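The values are calculated or read from the model by the stated rules, or taken from the named source; none is laboratory data. Computed from a predicted model, the values in this text were never measured in an experiment. Quick reminder, even Gly has a Cβ in these numbers, built from the backbone with ideal geometry, and neighbours come from all protein chains shown. We work out accessible area using only protein heavy atoms, side chains counted, and drop any ligands, DNA or RNA first. Shrake-Rupley method; radii C 1.70, N 1.55, O 1.52, S 1.80 Å.
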Amino acid sequence: MVSTVGPRCHNEQRWLLYTHAWCEDVPMVGDNLSSVHRALTILRILGEGPLGVQEVATEMGKEKSQVSRTLKVLAEEGFIERDPRTLRYGIGWQVLALATSAGDERLHREAPRVLRSLARGVGEPAYLTVLSGRGAMTLLTERTSRGIQAHEWVGRTSPLPCTSAGRALMVDMDEADLRSILGDDADPLPGTRSAPQDIPALVRRLRRERARGFAVAREESEPGLVAIAAPVRNHRGEVAAAINVSAPAFRMPRATIETSAPLVVAAADELSAAIGSSTEASAGS
């Protein structure tokens, strides 16, 4: 049988089929975007604290079944976790890992600016230090034009108990934490006689320094060197780094320490905020 449908009709039929298929895909794209928005909204809500399925649905103004499916997918991917006892959902390890990674990147990006400002304000070199094994490793330095300055420490480690940066990094640790980091055989601790001589003495020093928000090391790591440090905290309120300034003892008497310490604390707080910390997290840690 000979077809009576010409080429033009065939083209129109193909166009109609293509258009129909494309139109069927459009709602799918919209649904996918809606799912993404719904998942992001749930993460924001759970960021305020753990909630049950119905509580999340009520907060969003959505059906419980719809929200439940999204919660299940987020839990399977590690973005949220469900407490088996309370059956409430909270932020999961995947979100925390991403936040930590972003915080590390911001730390390196924002620190130079903060250190430059601090060095200008105090008139002495400023440093960014992180915990590395049993020592404090200096990552960044902002030096000044002064002729007499502390050693260049970038890439090097210094002892934890007898340095201001080291104690700022350990400021939240209890005796068990300290022995885990320093070793049970750490006594006597390194440093001059001005430094804590054993772990119980270190615990007492850390308590005082935590209460005032900064650590001071007066000729504790080496004679003639004074340093002030404050902790930098991440989005969880944990100590992620320390900012410190150091100078020869003759340029940093007690009066200068008292005027410089608030500047160091302010710089540490500024960097903490830049990497995602909050006043509430820092105060409550």
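Where residues in the stretch 236-273 are crowded, with 22+ Cβ neighbours inside 10 Å and of a type in the set (Ser, Thr, Tyr), which of them is nearest to the chain's Cα centre (by Cα)?
Among residues in the stretch 236-273 that are crowded, with 22+ Cβ neighbours inside 10 Å and of a type in the set (Ser, Thr, Tyr), the one nearest to the chain's Cα centre (by Cα) is Ser272.
Just to confirm my filter: which strands (runs of 3 or more DSSP E) fall fully inside the stretch 162-253 and include at least 2 residues that are over 30 Å from Gly276 (Cβ atoms) and β-branched (Val, Ile, Thr)?
Where strands (runs of 3 or more DSSP E) fall fully within the stretch 162-253, none carries at least 2 residues being over 30 Å from Gly276 (Cβ atoms) and β-branched (Val, Ile, Thr).
I'd like to check something: does the stretch 97-115 contain any residue that is open to solvent by 70 Å² or more (accessible area, probe 1.4 Å), at pLDDT 90 or above and either farther than 26 Å from Ala186 by Cβ or more than 17 Å from the chain's Cα centre (by Cα) (or both)?
yes
Listed here are the residues, each with its yes/no results for (1) in contact with an Asp or Glu (Cβ under 9 Å, 6 or more places away or on another chain); (2) surrounded by fewer than 17 Cβ atoms within 10 Å (Cβ to Cβ); (3) free of Cβ contacts under 8 Å to residues at least 60 places away in the same chain.
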position	(1), (2), (3)
Pro161	yes, no, yes
Ala168	yes, no, no
Val171	yes, no, no
Asp174	no, yes, yes
Ser180	no, yes, yes
Asp185	no, yes, yes
Pro188	yes, yes, yes
Pro196	yes, no, yes
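Please find, among Gly155, Gly183, the residue that is under 18 Å from Leu202 (Cβ atoms), modelled with pLDDT under 90 and out of contact with any helix residue (DSSP H, G or I) (no Cβ under 9 Å at 6 or more places or on another chain).
Residue meeting the stated conditions: Gly183.
Just the residues that are over 23 Å from Arg236 (Cβ atoms), touching a residue at least 12 places away in the same chain (Cβ under 8 Å), within 28 Å of the chain's Cα centre (by Cα) and open to solvent by 60 Å² or more (accessible area, probe 1.4 Å), please, taken from the stretch 43-86.
If the condition is that a residue be over 23 Å from Arg236 (Cβ atoms), touching a residue at least 12 places away in the same chain (Cβ under 8 Å), within 28 Å of the chain's Cα centre (by Cα) and open to solvent by 60 Å² or more (accessible area, probe 1.4 Å), then Val73 is the only one that fits.
Which one of Lys62, Lys72 is at pLDDT 85 or above and either among the acidic types (Asp, Glu) or in a loop (DSSP other than H, G, I, E, B) (or both)?
Values: Lys72 fails: either among the acidic types (Asp, Glu) or in a loop (DSSP other than H, G, I, E, B) (or both).
From the options Lys62, Lys72, the qualifying one is Lys62.
Looking only at the stretch 189-228, count how many residues are more than 22 Å from Arg179 (Cα to Cα) and of a type in the set (Gly, Ala, Ser).
3
Out of the residues in the stretch 208-235 that are among the charged types (D, E, K, R), open to solvent by 20 Å² or more (accessible area, probe 1.4 Å) and closer than 16 Å to Leu160 by Cβ, which is modelled with the highest pLDDT?
Arg210
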